[in-house]
Structure formats: C-alpha cells, structure tokens
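Bear in mind these aren't lab numbers, they're just calculated from the coordinates by the rules spelled out. Only a predicted model underlies this, so the values are computations on that prediction, with no experimental measurement involved. Note that we place each Cβ from the backbone using ideal geometry, even for glycine, and neighbour counts take in every protein chain shown.
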C-alpha cells in the first residue's frame with residue numbers, strides 16, 4: 001500500500017521509489033548491460049582466465065580470476081551490482097582487460113542473492129571471498145599484501161562496507177572504490193525494493209556504511225583503507241547524498257576518502273568510467289593500486 005505524505009526526507013512514496021528505480025531513470029539500461037555482457041564474453045574468449053573458483057559451498061560462492069602477465073601482481077576484486085537480488089559475477093568481466101593490461105589481477109566476486117539470503121549474508125559472502133583470496137594468494141598468483149576492492153551500486157555498498165569499520169581484518173584490504181554505492185540503506189528499506197530485500201530498521205542501520213562511520217568516535221585509533229567515491233553526474237539527488245554523507249562521515253573521523261567527479265554519466269555509464277583510460281576515475285584507481293598516495 002502506498003503511504004500518504006513524506007516517507008523519507010521530503011520524498012513521498014512515489015518520489016522515493018523513482019529515485020531508486022535506476023532502470024526507469026536510464027531508458028537504455030538494458031542495452032548498456034548487454035554491452036557489458038558482450039564485452040565480458042569477448043574478454044573471456046581472448047584472455048587467460050580461471051572461472052568458477054569456489055570459496056564456499058553455494059553455487060554462487062565463486063570467483064573468476066583474470067591474471068596479469070607477471071605473477072605476484074596486485075589484485076582488484078570487483079563486486080557486481082543488481083540491488084543485491086539480481087545479476088552475477090560475469091557482469092563485471094568487461095572491466096578485466098583494462099586492469100590486466102595495467103599489470104593488475106582482476107577478480108570478479110560472486111555472492112548469494114536476496115531473497116534466498118539477506119543482505120547481511122551477502123556481506124559475509126564478500127568478506128569470505130576476500131579472506132579466501134588472501135589465504136590462497138600464492139596459488140592464485142596474487143600479492144596478498146596488495147588486495148583492493150571496487151564495486152558498483154549494490155556492489156558499491158559491499159565495497160564500502162568492506163573498507164569501513166568491522167568490514168575486514170585490519171590490513172587485508174589496501175583500498176577501495178564505491179561507484180554509485182548505496183551507503184545509507186534506510187531509504188532503500190522504504191522503497192519497493194524491500195519486498196525482495198526484507199530489511200528491517202535495525203538491520204538497515206547496521207549494514208549502512210555511513211552509519212558505521214558515524215558511530216566512530218573522533219580521535220579513534222583506526223586506519224581504514226583509503227576509499228574512492230564516485231557517482232554519475234546525471235544521477236538523482238539521493239545518490240549524490242549517499243556519496244556525500246559517507247564522505248563527510250569519514251572525514252569527520254579523519255579517515256582517507258576522496259570523491260572523483262564523473263560528469264555526463266548516469267548510474268550505469270558511471271561504472272564504465274573505471275576502465276576508461278581517459279576518465280579521472282580509472283586514473284585514480286590505478287594510482288590507488290600502483291602508486292598509493294593517500
């Protein structure tokens with residue numbers, strides 16, 4: 001049933017649903033996803049890759065590895081989007097050629113989906129995948145000391161939470177990037193999406209990277225991994241707020257964070273910027289991995 005009046009900030013139910021309905025906001029979103037899948041298939045065909053490496057017993061608890069030429073290089077683990085309930089790890093394969101050519105191992109993480117499991121279980125999956133990669137780095141040809149994470153949309157949420165308080169063991173992740181990430185799950189809980197996600201108020205708060213950052217006390221002795229934040233310049237105000245609130249919360253406790261602007265991109269093309277050699281986001285990501293200067 002649609003609620004009357006504001007349900008979050010100044011948004012009524014219809015307006016809030018529109019803010020988080022990215023497929024409706026981007027009419028050619030299906031074509032963009034098809035382009036990613038086509039480019040991903042080309043990458044699998046043309047490049048060396050190890051697919052469906054299990055880190056857990058579930059069929060979705062697997063990773064795909066695109067190794068770089070030099071064994072022992074750094075690794076970027078990428079977490080796909082799909083609002084925690086759709087898509088799979090092959091969606092991110094289109095980005096592999098750029099990073100492999102730059103001497104970086106590319107890993108795409110698969111995870112279980114809602115409503116089979118809750119978002120908290122998905123957070124545990126991503127943490128388990130990263131831990132497994134770290135423990136098996138030598139066999140994978142990866143430098144365990146240089147493991148980074150990035151993600152888009154729901155994957156951005158997962159990347160941000162891994163880089164935040166209580167995300168991963170200290171030192172496991174060296175840096176991350178959230179592309180159009182959901183850092184505050186309370187408005188998401190109040191949209192049509194929650195019929196599938198099943199969030200309650202307490203869980204939404206616990207699993208929100210911005211709330212975890214706000215819970216930190218100023219002066220706390222904590223060294224979080226540096227985090228890049230970006231949002232498509234043509235996205236709605238809620239996604240910009242999601243980015244800005246997390247930046248402010250991290251800066252308030254003196255944790256390393258940087259915003260990278262992405263003008264002219266929407267929710268989906270913002271993700272393509274990470275592997276576009278002419279875009280500031282790809283440059284920032286390469287600098288983070290190859291020449292960290294935070």
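Annotations for the structure displayed:
- Compared with the dominant Cα axis of the chain, that is its longest principal axis, helix 154-163 is turned about 70°.
- Taking only the alpha carbons of region 57-202, we obtain Rg and Dmax values of 14.9, 47 Å in that order.
- Average Cα contact separation per residue, the chain, under 8 Å, 6 or more apart, as relative contact order %: 16
- With neighbour counts taken as other beta-carbon atoms within 10 Å, the residues 183, 279 rank, fewest first, as 279, 183.
- For region 143-293: rounded, prolate or oblate by the Cα gyration tensor [a/c cutoff 1.5]: oblate
- If the segment from residue 24 to residue 217 were pulled out straight at 0.36 nm per residue, it would be longer than the present Cα-Cα gap by 65.5 nm.
- Angle in degrees between helix 119-135 and the longest Cα principal axis of the chain, rounded to the nearest 10: 20
- Distance from the Cα centroid of region 103-179 to that of region 1-56 is 19 Å (rounded to whole angstrom).
- Degrees between helix 29-46 axis and first principal axis of the chain (Cα, 0 to 90, nearest 10): 10
- Two-site FRET efficiency, residue 290 against residue 34, from Cβ-Cβ distance with R₀ of 35 Å, rounded to 0.05: 0.65
- Rg over Rh [alpha-carbon atoms, Kirkwood Rh] for region 178-255: 1.00
- The ranking of 192, 83 by Cβ neighbour count inside 10 Å, starting from the fewest, reads 192, 83.
- 222 nm mean residue ellipticity, helices alone, for the chain (DSSP H n ≥ 4; -39,500 (n - 2.57); rounded to 500): -11000 deg cm²/dmol
- Antiparallel DSSP beta bridges within the chain, percent to nearest 5: 25
- DSSP beta bridges confined to region 5-109 are antiparallel in about 65 percent of cases.
- In whole angstrom, the chain maps to an equivalent ellipsoid with semi-axes of 28, 21, 19, each derived as √(5λ) from the alpha carbon gyration tensor and ordered largest first.
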